[in-house]
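Taking it in order: structure first as structure tokens, then the write-up.
A short reminder: the numbers here are calculations on the coordinates, not readings from a lab. These figures come from a predicted structure and were not determined experimentally. Here the Cβ positions follow ideal geometry from the backbone for every residue, glycine too, while neighbour counts run over all protein chains shown.
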Amino acid sequence: MVEYAGLPALQQILHTPQTLDESVADYYFAVERSNFLRLFGENGVSKVLIDYLADRQDVTILVPGSDGKLEKGPFLKGMYSPMEVVVICNEIGTFEETRDSIIDLARDGGLPSTDDRMEHKVLAQPRAPLSGYKGETRHSWPDRILNSKLVFGPAELFEQAQDQVFQEWRSIGDVRSSVKGYLKQFVATTRTGEVTRRGETHRHFDLDTGEIFYDENNYVLGLKYGPIRALQVFLAKYQLETGARAQGETNTVRKLLTLFPGEDEVALAYQMALRIYHWQQFETKNGKPAYVQIKSQELRSITRPILDFIQRKSTKSA
């Protein structure tokens, strides 16, 4: 169990009714703190890497995804949800050496379980833009740079990578098309509760009944591919279009309120969505049904503020 400032975060998610109230924010920021300590605490990831790779100053190591956003569920350990790693470097050989060292360190227990398929980003390599997932711009995730936490290496390389991502947005049409396509998809799912993959429709939630479904084996992930991803991708797209750096914030709610002060209703909706998603992950991990039933109006109080916000704040190029 993760505790911070007297708040047992896991107990709260399991034993508090699924309603929108102030405890949702308490839970969210307890999760943020537990993630921060795992990365930057006394025995955290950053400290381990600094000690283990002290002689490697030619790479920068980032942690993206839910780890980088400080939003990973406090109970997701081991191979259930391995930590992703992105290595920023100037040449591929440097990455390979660093990758092998990190894998060895994780296998020896020095780091949290780490995804062996770690990604490298070689700076100033035109054939493999940083925005593309493994260089493929038709599947661009600039978010993996914008919302990563720097855990090792020179900040200058990280800043150079961020600058390059902003430049790629302006110069590479595939990057813009990819991000806009993802946002369109996630907004549509937030509006309908459904997504179609390879001709097959999957229902993630039902706005009329308040049902929220979860089945990882069939790509049914509750509120993740609806309101959670919609807000995350919108904020990244807004940053890329406007050049806003959000004071270095990677946490979704802190980024939201930095870029758009006063959007507390949107923040609360996102916090509730993530809380329910964490609960469903936890139930699945323990071999239990992860089905959630809340009131229809409660579910709409999650989706509607996020949809309205994205519509209000979209730039002309959206």
**Prompt:** By a straight-distance test (C-alpha under 16 Å), which lysines pair with Lys224 as possible cross-link partners, with residues fewer than eight away in the same chain excluded?
**Reply:** Lys69, Lys72, Lys184
**Message:** With θ taken as phi - 60° and the coefficients 6.51, -1.76 and 1.60, list the Karplus ³J(HN,Hα) couplings across the stretch 205-218 in order, rounded to whole Hz; mark glycine and proline as x.
**Reply:** 7, 10, 5, 7, 10, x, 7, 10, 9, 7, 8, 4, 5, 10
**Message:** Mean Kyte-Doolittle hydropathy of 0.5 or higher plus an axial Cα length of 18 Å or more: which whole DSSP H helices in the chain meet both?
**Reply:** none
**Asked** Regarding the chain, what are the three Cα extents along the principal axes, ordered largest first, in Å?
**Response** 55, 45, 40
**Request:** Express in nm, to one decimal, how much length is gained between Thr242 and Ser171 on full extension, taking 0.36 nm for each residue of separation and deducting their alpha carbon distance.
**Result:** 24.1 nm
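What trypsin sites (Lys or Arg not before Pro) in the stretch 147-217 are in a loop by DSSP, with at most 10 other Cβ atoms within 10 Å of the Cβ? Walk me through the intermediate numbers first.
Values: sites: Lys149, Arg170, Arg176, Lys180, Lys184, Arg191, Arg197, Arg198, Arg203; in loops: Arg198.
For trypsin sites (Lys or Arg not before Pro) across the stretch 147-217 that sit outside H, G, I, E and B with at most 10 neighbouring Cβ atoms in 10 Å, the list reads Arg198.
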**Asked** Using the alpha carbon gyration tensor of the stretch 252-318, what are the three equivalent-ellipsoid semi-axes (square root of 5 times each eigenvalue), largest first, in whole Å?
**Response** 28, 14, 11
**Prompt:** By a straight-distance test (C-alpha under 15 Å), which aspartates and glutamates pair with Lys149 as possible cross-link partners, with residues fewer than eight away in the same chain excluded?
**Reply:** Glu32, Asp67, Glu71, Glu84, Glu119, Glu159, Glu249
**Message:** Between Arg203 and Tyr291, what is the label-point separation in nm under the 7 Å Cα-to-beta-carbon projection?
**Reply:** 1.1
**Message:** What do you get for trypsin sites (Lys or Arg not before Pro) in the stretch 263-311 restricted to DSSP loop and a cutoff of at most 12 other Cβ within 10 Å of the site's Cβ?
**Reply:** Lys295
**Item:** Rh (Kirkwood; distinct C-alpha pairs) - the stretch 202-249, Å
**Value:** 12.5
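Which value at 222 nm does the chain reach when only helices count, each DSSP H run of 4 or more adding -39,500 (n - 2.57), with the total divided by all residues and rounded to the nearest 500 deg cm²/dmol? Working shown, then result.
Details: 12 runs with 157 residues, N = 318.
Dividing the helical sum by the residues of the chain leaves -15500 deg cm²/dmol.
Given the Cα-Cα distance of Asn90 and Gln311 and 0.36 nm per residue of separation, how much length would full extension add, in nm? If you can, show how the numbers build up before the last one.
Working: separation 221, 0.36 × 221 = 79.56 nm, distance 3.96 nm.
Value of the extension gain: 75.6 nm.
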